[in-house]
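This report concerns only the one structure given below.
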Protein chains: 2
Amino acid sequence: MTLEMHPQRWGDPAHAAPLPESVRGLVDAFVGTRDTPAVEDVRLPDAGIGDDLLAALRAEIGDDAVLVDDESRRLRTRGKSTPDLIRARTGDLADAPDAVARPGSPEHVAAVLAWAVDHHVAVVPFGGGTCVTGGLAARRDGYAGLISLDLVRLDQLLSVDKVSMTAVLQPGMRGPAAEAALAEHGLTLGHFPQSFEFASIGGFAATRSSGQSSAGFGRFDDMVVGLRVATPVGELVLGSSPANAAGPDLREAVLGSEGTLGVITEVTVRVRALAAEKVYEAWSFATFAEGAEAMRTLAQSGRLPTVLRLSDETETMVNLASQSDIGGDGVTGCLMIAGYEGEAASVAARRAEVTTVLESLGGTDLGEERGQAWAAGRFHAPYLRDSMLDAGVLVETLETATFWSNREQVYQAVKQALETSLGEGTLVLCHISHVYETGCSLYFTVAAKQAEDPLPQWLAAKAAASDAMIESGATITHHHAVGTDHKPWLAREIGPVGVAMLRGLKGAVDPAGVLNPGVLIP
Amino acid sequence: MTLEMHPQRWGDPAHAAPLPESVRGLVDAFVGTRDTPAVEDVRLPDAGIGDDLLAALRAEIGDDAVLVDDESRRLRTRGKSTPDLIRARTGDLADAPDAVARPGSPEHVAAVLAWAVDHHVAVVPFGGGTCVTGGLAARRDGYAGLISLDLVRLDQLLSVDKVSMTAVLQPGMRGPAAEAALAEHGLTLGHFPQSFEFASIGGFAATRSSGQSSAGFGRFDDMVVGLRVATPVGELVLGSSPANAAGPDLREAVLGSEGTLGVITEVTVRVRALAAEKVYEAWSFATFAEGAEAMRTLAQSGRLPTVLRLSDETETMVNLASQSDIGGDGVTGCLMIAGYEGEAASVAARRAEVTTVLESLGGTDLGEERGQAWAAGRFHAPYLRDSMLDAGVLVETLETATFWSNREQVYQAVKQALETSLGEGTLVLCHISHVYETGCSLYFTVAAKQAEDPLPQWLAAKAAASDAMIESGATITHHHAVGTDHKPWLAREIGPVGVAMLRGLKGAVDPAGVLNPGVLIP
């Protein structure tokens, strides 16, 4: 598998997924195929950085570590949101970096930042390039240039402490490489977001990622116990202890900072024993509300599987149609996936407890076949999006989180906002995939017929959905982060004092403003 | 029970604890009684604030809400560290506030801050006054005065959401009042630090408190899902969701800020069902290291009781001697307390699991009697300190946290630093009372013969112990917070970039620097 993604599509071309016939049936009513120019024909903007500056950069980190060729620049242009893909498909790569720097050590990272400050060059830290909120499209006006700081060479597992059950990882490790390296020690991180195959350890930390096994392993920010960070004013090393009362926890200021406060050069994570057994099973509930109540009961009683997901009625119908090979007949209502990972005895005990709760709350056990099918396809949805875009369907995801008592209100408000904005025939699917004692996430997938110009069409729908989230008291993002796309709503969510706090942090560690300008901080 | 503590002693005089005869035997070798002047004879410094300023403050929040009498000032002078008590016992109340403001609403708090900014008055937020790290001894030079902002009137449970299992509490509620109000709804917060009887909800949040039931209920910062904060630049309201990726989690910047960034006016907490059953039992392990290994096994396997504590050999010996009524005979090695709270079935299941682990790792079950005795006396240790000070014994506690692989090294380093600094005959006791998957706390109690002037004697020992913590890679505080006493070591723990981040936050929300000046931020 390649580590680099096609500029116009998700992931590895070898894994592209044509639309299943059954899904074609759902979308054929309103689609037409679209032509996309070949990527080689898409013209890059001229690099706006001076050769003297690049020479100075090469002197710091080596000739081979600075790339200026078209392909290198193209591969690090924006992320993988639907607007990103639409722009790339229509030949717009205006956000391409002028050059790509690939530091080989934390000292190299510090040298790049010093160089950037000296010459007032904007720096965009780059991990897996999987961002879906515009976090890689930094502002370039007013800067002497814009470079992508690709952390791919910092890809090692540095150490393992099996007594404390921690490991030190470099930020450029992708999900599979980190898991493979830890597996050699019998360990796992247990972080499996949909972007797992391409996203990086540094990116997980910088964006407060949350994975599909969060019910069992927690969010990525729960896993981080230490950070090493290069900033323009010096190095920051945090992680004296699992938890403490030594002032505000500054680890939490770095987590979620999306490359605007510093570049993460090492992450110390809590690890666990590699699971001996993994079982995924499916359940059905009559309604989304009934299934959600069952999830709430599990979360508040502390009896959680490792994976816990619930699709609403529409998503259940569409997903089963797209998995016709495993049989969509006979399932009504809402599909839940419950997965258990761990030692055999622990898996059996938790499964028995959860089964009792789910059965008592109206759940019907559908067995393992559909659960294993979910696990097998858990990282593939973004490929399906490419096929939908190919077929002229506008498709995108967005997500939020709220407290349990507000779940139904937020669900209805976002769904209605999308349907109203995109008009008749719009499909809005939703699932809950992260639960807490006090609330849950809501993850929406929306599909509609593409307008002549799909970009403003989607941006209007996205704004309507985002307004609905903030107006109903929910967050603008549970795990997709802020980037540039969510900034106006972040400002509403945290208010002017919250914005002042972010700016205070920014001014303290990046007074020249070279780190990811225009991203995150309103 | 009174809410206000004696200026020279802990807690309610009605609960004062004379030294048990058995403990007298341990300390009689090196003590002599000390005379302490009656509190009424201790002269307060003249109030340094102008009458015109106080009149302006009264106009904002009401005549009755501004107190200037000696007793009110005396009761809000410093906290309850041993140096605080020594100073008060020797007649030094130099840190007394000029006046006490008692706002009756969040709007009042905002008005006090606006007044303080306008007139450049230093403001010390005051909850229960239980601080043991100098967090109430703000710097006054350069200010037109210094007032104590006592939140005692903000003492209500504002709302309960039984679906989301959250509650909104005002900051001035003390621990018992919060538990009593929640109990009327069948709920509990589950936060029981040693200061529980006097400390406040706002104080728990502002100092990242951690309670004796942290193995089951988590730290106080784990419980907070929302905050309302008055700052000099406006109100901050946080808590859109249980968790999110909307930038750095700013709740974590307020938690632990010790009144330097704002005054917390509401705290939304996660609550749980009131425990139907509570059982505390005692175990014995041959050595501290063996007991710690058992704790590590429990924490890393996710099989935790609600309360889990382990005393080292010395603390075990001293504690059993002081509990002679329940019989100290026949116990060797190290005493562990395991407590279970919850529904009967859950208590039984967890107890069975933990018992299996502890027995397999060398533990001897000592039954419930000593466990219940610990629970009955869990908040009483500070009273014993007063009696020790009366008897001429220097006694104080200090604490840290580290990763499991570093536990023994930190334990030995701190113990040795204290013994070396205080000399022959010094008793150093230690226990572990908070565990995590990756590490644990270490809580030390030290007793030594008082020197002629015990203050420099203790400050030298404290500095030596603090140096040992930082030099061995641990934190300067697990749950006592930073205040003024830990500032130099906080600066070493988080480094110059971390300090810059704290200053950046401070400058953003308190540009005039009126909030708790000199506290926390190096």
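The values are calculated or read from the model by the stated rules, or taken from the named source; none is laboratory data. Keep in mind the model is a prediction, meaning the values are calculated, not measured. Neighbour counts are summed over all protein chains in view; Cβ atoms, including those assigned to glycine, are modelled from backbone coordinates with ideal geometry. Only protein heavy atoms, including side chains, enter the accessible area calculation; ligands, DNA and RNA are left aside. Shrake-Rupley method; radii C 1.70, N 1.55, O 1.52, S 1.80 Å.
Evaluate region B:240-251: report whether one residue or more is open to solvent by less than 30 Å² (accessible area, probe 1.4 Å), within 23 Å of the chain's Cα centre (by Cα) and within 11 Å of another protein chain (Cβ to nearest Cβ).
Checked region B:240-251: at least one residue is open to solvent by less than 30 Å² (accessible area, probe 1.4 Å), within 23 Å of the chain's Cα centre (by Cα) and within 11 Å of another protein chain (Cβ to nearest Cβ).
A:Ile337 versus (1) open to solvent by 20 Å² or more (accessible area, probe 1.4 Å); (2) in contact with a strand residue (DSSP E or B) (Cβ under 6 Å, 6 or more places away or on another chain); (3) farther than 30 Å from A:Pro456 by Cβ: which is the lone unmet condition?
Against the list (1) open to solvent by 20 Å² or more (accessible area, probe 1.4 Å); (2) in contact with a strand residue (DSSP E or B) (Cβ under 6 Å, 6 or more places away or on another chain); (3) farther than 30 Å from A:Pro456 by Cβ, A:Ile337 comes up short only on (1).
Here are A:Gly186, A:Gly216, A:Gly211: which of them is touching a Ser or Thr at 6+ places or on another chain (Cβ under 8 Å) and of a type in the set (Gly, Ala, Ser)?
Of the residues listed, the single one that is touching a Ser or Thr at 6+ places or on another chain (Cβ under 8 Å) and of a type in the set (Gly, Ala, Ser) is A:Gly216.
Regarding B:Ser433, is this residue open to solvent by less than 30 Å² (accessible area, probe 1.4 Å) and within 12 Å of chain A (Cβ to nearest Cβ)?
Values: open to solvent by less than 30 Å² (accessible area, probe 1.4 Å): yes; within 12 Å of chain A (Cβ to nearest Cβ): no.
Spelling it out, it is not the case that B:Ser433 is open to solvent by less than 30 Å² (accessible area, probe 1.4 Å) and within 12 Å of chain A (Cβ to nearest Cβ).
Considering only region B:442-472, state which residues are over 12 Å from B:Val414 (Cβ atoms) and either touching a strand residue (DSSP E or B) at 6+ places or on another chain (Cβ under 9 Å) or facing another protein chain (nearest Cβ under 8 Å) (or both).
Result: B:Ala447, B:Ala448, B:Lys449, B:Gln450, B:Ala451, B:Pro454, B:Gln457, B:Trp458.
Name the residues in region A:206-231 that are within 15 Å of A:Ala167 (Cβ to Cβ) and either at the interface with another protein chain (Cβ under 8 Å from one of its Cβ atoms) or modelled with pLDDT under 95 (or both), would you?
A:Val225, the sole residue that qualifies.
So, A:Leu442, is that one surrounded by 18 or more Cβ atoms within 10 Å (Cβ to Cβ) and not assigned by TED's automatic domain parsing to the domain that holds A:Ser81 or not?
For A:Leu442, the condition - surrounded by 18 or more Cβ atoms within 10 Å (Cβ to Cβ) and not assigned by TED's automatic domain parsing to the domain that holds A:Ser81 - is met.
Quick check: is even one residue across region A:214-229 of a type in the set (Asp, Glu), out of contact with any helix residue (DSSP H, G or I) (no Cβ under 8 Å at 6 or more places or on another chain) and surrounded by fewer than 23 Cβ atoms within 10 Å (Cβ to Cβ)?
Within region A:214-229 (the criterion being of a type in the set (Asp, Glu), out of contact with any helix residue (DSSP H, G or I) (no Cβ under 8 Å at 6 or more places or on another chain) and surrounded by fewer than 23 Cβ atoms within 10 Å (Cβ to Cβ)), the answer is yes, since at least one residue qualifies.
Being among the charged types (D, E, K, R) and open to solvent by 50 Å² or more (accessible area, probe 1.4 Å) is the filter here; which residues of region A:153-191 pass it? Steps first, please.
Our first condition is that a residue be among the charged types (D, E, K, R); within region A:153-191, this holds for A:153, A:155, A:161-162, A:174, A:179, A:184.
Within region A:153-191, A:Arg153, A:Asp155, A:Lys162, A:Glu184 meet the criteria.
Open to solvent by less than 40 Å² (accessible area, probe 1.4 Å), more than 21 Å from the chain's Cα centre (by Cα) and among the hydrophobic types (A, V, I, L, M, F, W, C): is that true of B:Val482 in this structure?
Answer is no for this residue.
Just name the residue that is farthest from the chain's Cα centre (by Cα) out of those in region A:352-399 that are surrounded by fewer than 18 Cβ atoms within 10 Å (Cβ to Cβ) and charged (D, E, K, R).
The residue in question is A:Glu359.
Which condition from (1) away from every other protein chain (no Cβ under 14 Å); (2) closer than 28 Å to B:Arg296 by Cα; (3) open to solvent by 10 Å² or more (accessible area, probe 1.4 Å); (4) over 22 Å from the mean Cα position of the chain (by Cα) is the one that B:Leu422 breaks?
Against the list (1) away from every other protein chain (no Cβ under 14 Å); (2) closer than 28 Å to B:Arg296 by Cα; (3) open to solvent by 10 Å² or more (accessible area, probe 1.4 Å); (4) over 22 Å from the mean Cα position of the chain (by Cα), B:Leu422 comes up short only on (2).
Which number in (1) over 18 Å from B:Gly518 (Cβ atoms); (2) among the β-branched types (Val, Ile, Thr); (3) in a strand (DSSP E or B) marks the one condition that B:Val123 misses?
Checking B:Val123 against (1) over 18 Å from B:Gly518 (Cβ atoms); (2) among the β-branched types (Val, Ile, Thr); (3) in a strand (DSSP E or B), the one that fails is (1).
If you go through region A:400-410, how many residues are more than 10 Å from chain B (Cβ to nearest Cβ) and surrounded by 24 or more Cβ atoms within 10 Å (Cβ to Cβ)?
0
Do you know which residues across region A:504-520 are within 7 Å of chain B (Cβ to nearest Cβ), in contact (Cβ under 8 Å) with a residue 24 or more places away in the chain and more than 25 Å from the chain's Cα centre (by Cα)?
A:Ala508, A:Val509
Could you grab me the full set of residues in region A:4-34 that are open to solvent by less than 80 Å² (accessible area, probe 1.4 Å), at pLDDT 70 or above and of a type in the set (A, V, I, L, M, F, W, C)?
Within region A:4-34, A:Met5, A:Trp10, A:Ala16, A:Ala17, A:Leu19 qualify.
Has region B:358-376 got at least one residue that is of a type in the set (Lys, Arg), touching a residue at least 40 places away in the same chain (Cβ under 8 Å) and within 14 Å of chain A (Cβ to nearest Cβ)? Can you show your working first?
In the first step, residues of region B:358-376 are kept if they are of a type in the set (Lys, Arg); the result is B:370.
Remaining after also requiring touching a residue at least 40 places away in the same chain (Cβ under 8 Å): B:370.
Then keep just the ones that are within 14 Å of chain A (Cβ to nearest Cβ); that gives none.
Scanning region B:358-376 turns up no residue that is of a type in the set (Lys, Arg), touching a residue at least 40 places away in the same chain (Cβ under 8 Å) and within 14 Å of chain A (Cβ to nearest Cβ).
Being under 21 Å from B:Leu75 (Cβ atoms), within 13 Å of chain A (Cβ to nearest Cβ) and either at pLDDT 95 or above or in a loop (DSSP other than H, G, I, E, B) (or both) narrows it down to one residue among B:Gly203, B:Gly190; which is it?
Values: B:Gly190 fails: under 21 Å from B:Leu75 (Cβ atoms).
Going through B:Gly203, B:Gly190 in turn, just one is under 21 Å from B:Leu75 (Cβ atoms), within 13 Å of chain A (Cβ to nearest Cβ) and either at pLDDT 95 or above or in a loop (DSSP other than H, G, I, E, B) (or both): B:Gly203.
Please tell me if B:Arg303 is open to solvent by 10 Å² or more (accessible area, probe 1.4 Å), touching a helix residue (DSSP H, G or I) at 6+ places or on another chain (Cβ under 8 Å) and farther than 30 Å from B:Gly362 by Cα.
It is false that B:Arg303 is open to solvent by 10 Å² or more (accessible area, probe 1.4 Å), touching a helix residue (DSSP H, G or I) at 6+ places or on another chain (Cβ under 8 Å) and farther than 30 Å from B:Gly362 by Cα.
Grab the helices (runs of 4 or more DSSP H) fully contained in region A:337-403, keeping just those with 3 or more residues being polar (S, T, N, Q). Please lay out each step first, then the result.
Working: elements: A:344-360, A:369-376, A:381-390.
Filter on region A:337-403 gives A:344-360.
Restricting to region A:265-299, what's the tally of residues that are closer than 30 Å to B:Glu399 by Cβ, away from every other protein chain (no Cβ under 13 Å) and crowded, with 24+ Cβ neighbours inside 10 Å?
The number of residues fulfilling the criteria is 1.
Of everything in region A:90-107, what is of a type in the set (A, V, I, L, M, F, W, C) and either open to solvent by 30 Å² or more (accessible area, probe 1.4 Å) or assigned by TED's automatic domain parsing to the domain that holds A:Thr265 (or both)? Give them in sequence order.
A:Ala94
So if I check each of A:Met501, A:Met469, which one is in contact (Cβ under 8 Å) with a residue 60 or more places away in the chain and surrounded by 20 or more Cβ atoms within 10 Å (Cβ to Cβ)?
Being in contact (Cβ under 8 Å) with a residue 60 or more places away in the chain and surrounded by 20 or more Cβ atoms within 10 Å (Cβ to Cβ) holds for just one of A:Met501, A:Met469, which is A:Met469.
Would you point out the residue of region B:51-73, among those that are small (Gly, Ala, Ser) and either modelled with pLDDT under 95 or in contact with an Asp or Glu (Cβ under 9 Å, 6 or more places away or on another chain) (or both), that is least open to solvent (accessible area, probe 1.4 Å)? So that I can check it myself, show each step before the final result.
Within region B:51-73, the first condition is being small (Gly, Ala, Ser), and the residues that meet it are B:55-56, B:59, B:62, B:65, B:72.
When the remaining residues are screened for being either modelled with pLDDT under 95 or in contact with an Asp or Glu (Cβ under 9 Å, 6 or more places away or on another chain) (or both), the result is B:56, B:72.
On the way: B:Ala56: 34, B:Ser72: 14 Å².
By that ranking, first place goes to B:Ser72.
Mind checking which helices (runs of 4 or more DSSP H) fall wholly inside region B:215-310 and carry at least 3 residues that are under 29 Å from B:Ile337 (Cα atoms) and out of contact with any Lys or Arg (no Cβ under 9 Å at 6 or more places or on another chain)?
B:288-301
Name the residues in region B:136-169 that are within 14 Å of B:Gly104 (Cα to Cα) and within 14 Å of chain A (Cβ to nearest Cβ), would you?
Within region B:136-169, no residue meets the criteria.
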